[in-house]
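Down below is the structure, laid out as structure tokens.
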């Protein structure tokens, strides 16, 4: 009995030590070979808040892409390096954790008054910082999911800062989107003979029509409307456990940031839908959607795309993807970016 107690004591002690090490383990991003390469993980104060950056690329002179993550609050820094290796050859890739998200979250700040307008202001200030630092007149702007709500507003507000806007998993009218998502889940539950799922989803319709709730994401995931060719939740778990950009304390920050900001920002996006905020932009505009995306549905994105005015626009559908076409079909996405902005059609300085 004493031996078992000693073993338990040693086990608990070892677990406490592991947790403490995990909380304060130094973080970094893996190096990239090349004399002019960059692989930087740093925190910089911009627009009155500390923002975490991950900047990676084989050549710092390459064109720059700023990616605006979704969620709200769901940084992609923990895992995204596994999907952008091809892009890093021809572009310098900038990811940042938005104010109150991930490694940018501070335990000592109050985020109860956070708004999309503030996040747009942050993005514009970040763009100025990146442009000045790398001596680039314009930046290629990419938003994903809720990140499109922020990025498209920034593109409309300051088109002179950007080469083009690319919306992946583009947000549109939230209520229409959620009704499309609900319809899909109901159809799939009916096909699968899942009567319990069907009945539970049916009961939600009235509240979804009012905009007070969203179609539960566990059902969207269950029926293949979140990802098809990757495991997005598995990517986060793998990133948190094995990638060096986040330690255990950063993981705590990540979930705390989601908990304090997500409902506030999603409520705002419902009250102020993107189609009512941005009706035209003065730069090229591209929507990239997955055929099976029922997080931000293709139907509602296409309706918004048809209404928005831009000097050039294109709606691109990835037939094998859901909400993450840039990851699920990463080779296709990288080829499109390279062809569009480096080889064929768009001179990056065309709209100077």
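Worth pointing out:
- Average Cα contact separation per residue, segment 94-188, under 8 Å, 6 or more apart, as relative contact order %: 22 percent
- Percentage relative contact order, the chain, counting C-alpha pairs under 8 Å, at least six apart: 20 percent
- Each of 190, 144, 243, 51 has some number of other Cβ atoms within 10 Å of its Cβ, and from fewest to most they run 190, 243, 51, 144.
- Centre separation in Å (Cα based) which lies between segment 88-102 and segment 293-313: 24 Å
- Helix-only CD estimate at 222 nm, as mean residue ellipticity for the chain, using -39500 (n - 2.57) per DSSP H run (n ≥ 4): -13500 deg cm²/dmol
- Oblate is the label for the chain, because the ratio a/c of its alpha-carbon gyration tensor axes (a ≥ b ≥ c) is 1.5 or higher and a/b is not greater than b/c.
- Peptides 320-333, 261-274 ranked from most to least packed, by the mean per-residue count of other Cβ atoms within 10 Å: 320-333, 261-274.
- For the chain, share of DSSP beta bridges that run antiparallel, in % to the nearest 5: 35 percent
- Put in line by how crowded their Cβ is, counting other Cβ atoms within 10 Å and starting with the fewest, 228, 99 read 228, 99.
- Segment 151-304 shape via C-alpha gyration tensor axes, a/c threshold 1.5: oblate
- Shape category assigned to segment 183-241 from the gyration tensor of Cα positions, a/c cut at 1.5: oblate
- When 178, 335 are sorted by how many other C-beta atoms sit within 10 angstrom of their C-beta, beginning with the fewest, the order is 335, 178.
FYI, it's all coordinate maths here, none of it is from the lab. Source: prediction; values computed, not measured. Here Cβ is always computed from backbone atoms with ideal geometry, including for glycine, and neighbour counts include all displayed protein chains.
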